[in-house]
Amino acid sequence: IKPYLNMILFPMGHGGFGINTNIFETNIINLAAVLGIVISFVGSNLTTLLEERKKTILNNLQEANQRAIEAAEKLNTARTQLELAKKKAAEIREEGVLRSTAEINNVVSQHEIRLAKLQE
C-alpha cells in the first residue's frame, strides 16, 4: 500500500514533485477542476436565474395572448359598429332620395298649379 501512496502523493517516483508535461492530461485535470468549481458555486444561481427567465418568458407569452384576445374582441366590436354605420348610411341615403323625390314632386305640382292659374 505504501508504494501506491507514494505514486499518488509523489508522481515523479523519485520522492519529489515535478512538472507534468503531458498537456492533454493537465488540460483534463484543469477542466475537471474548473467544472467542479463552477457547478458547485454557480450551479444553484444559474438554475435560479434560468427559472426566473422561464417565468418571465411564460408571463410575457400569457400577456401577449391576453392582448391578442382583447385586440380580437375590439376588432369584432369595430366590425359590428362599421356594419351598423353602413346600415345607417344606407337608411339616410334612402331617406334623402325619398325626400328629394317628394320635394321635386311637390315643386312640380306647385309649378303646374301656378301655370294653370296663369292660363285662366
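The values are calculated or read from the model by the stated rules, or taken from the named source; none is laboratory data. Owing to the predicted nature of the structure, the values given are computational and were not obtained by experimental measurement. FYI the Cβ positions are ideal-geometry reconstructions off the backbone, even for glycines, and counts take in every protein chain you see. Protein only, heavy atoms only, side chains kept; ligands, DNA and RNA dropped before computing areas. Shrake-Rupley method; radii C 1.70, N 1.55, O 1.52, S 1.80 Å.
In whole Hz and in residue order, list the ³J(HN,Hα) couplings for the stretch 76-85 that follow from phi through the Karplus curve 6.51 cos²θ - 1.76 cosθ + 1.60, θ = phi - 60°; x for Gly and Pro.
My calculation for the stretch 76-85 gives 4, 5, 5, 5, 4, 5, 5, 5, 5, 5 Hz in order.
Return the distance in nm (one decimal) between the two label points of a simple spin-label model at E25 and L61, each offset 7 Å from Cα along Cα→Cβ.
Label at E25, label at L61, 5.0 nm between them.
Give me the Debye-computed log₁₀ of I(q)/I(0) at q = 0.12, 0.22 Å⁻¹ for the stretch 40-120, equal point scatterers on Cα only, no solvent, two decimals.
-0.70, -0.99
How much of the accessible area of the stretch 70-120, in percent, comes from carbon and sulfur atoms when a 1.4 Å probe is used?
58
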